[in-house]
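What follows is calculated from the coordinates using simple rules that are stated; it is not laboratory data. These numbers come from a predicted model, not from an experiment. Backbone-built Cβ (ideal geometry, glycine too); neighbour counts: all protein chains shown.
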Amino acid sequence: MSTVIDTAVIIDILRGLPAAVDYLEGLEDVPACSEITRVEVTGGLRSAERVPTERLFQQLRWVAVDEPIARRAGELGRRWWTSHPGISSPDLVIAATAEQLGAGLATSNVKHFPMFKRLQPPY
């Protein structure tokens, strides 16, 4: 099964967290990321972080936020925002991306993804 990696995991990898780096290196398939993750990561990027970030980005398969993903993210928001107000719009887009691809989701922010039953952090 393919995997969508969320922003928290990408940040852990960029920070050099050994468990996150080991997780990425242990994946058999090229992991996917939503373009919304690129927005979140590059929004806080410092100049010195640009090269290692781009190097990591080149190892990933990027998925555009198209109409079906955007619509599904909206549906997920209607379903989950009342009971889980901490879920952000980017979280919804990432969840919809994983659903659209029929992929698993790798996140350390499990509480932001209640739509995935039995979701566990990857490390």
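Side notes on the structure shown:
- With the convex hull drawn over the C-alpha atoms of region 3-112, the volume per residue is 97 Å³.
- Ordering of 87-100, 29-42 by packing [mean C-beta count within 10 Å, highest first]: 87-100, 29-42
- Counted as membrane-span-like here are DSSP H helices of the chain whose alpha-carbon atoms extend 30 Å or more along the helix's own axis and whose Kyte-Doolittle mean is 0.0 or above; there are none.
- Relative contact order computed over the chain (Cα-Cα under 8 Å; 6+ residues apart), in percent: 35 percent
- Net charge over other residues, Cβ less than 13 angstrom from the Cβ of Q58 (K, R count +1; D, E count -1): +3
- Tensor-based shape of region 64-107 (alpha-carbon gyration tensor, a/c under 1.5 rounded, otherwise prolate or oblate): oblate
- Over all other residues within a Cβ to Cβ distance under 12 Å of L76, the charged ones net out to +1, with Lys and Arg as +1 and Asp and Glu as -1.
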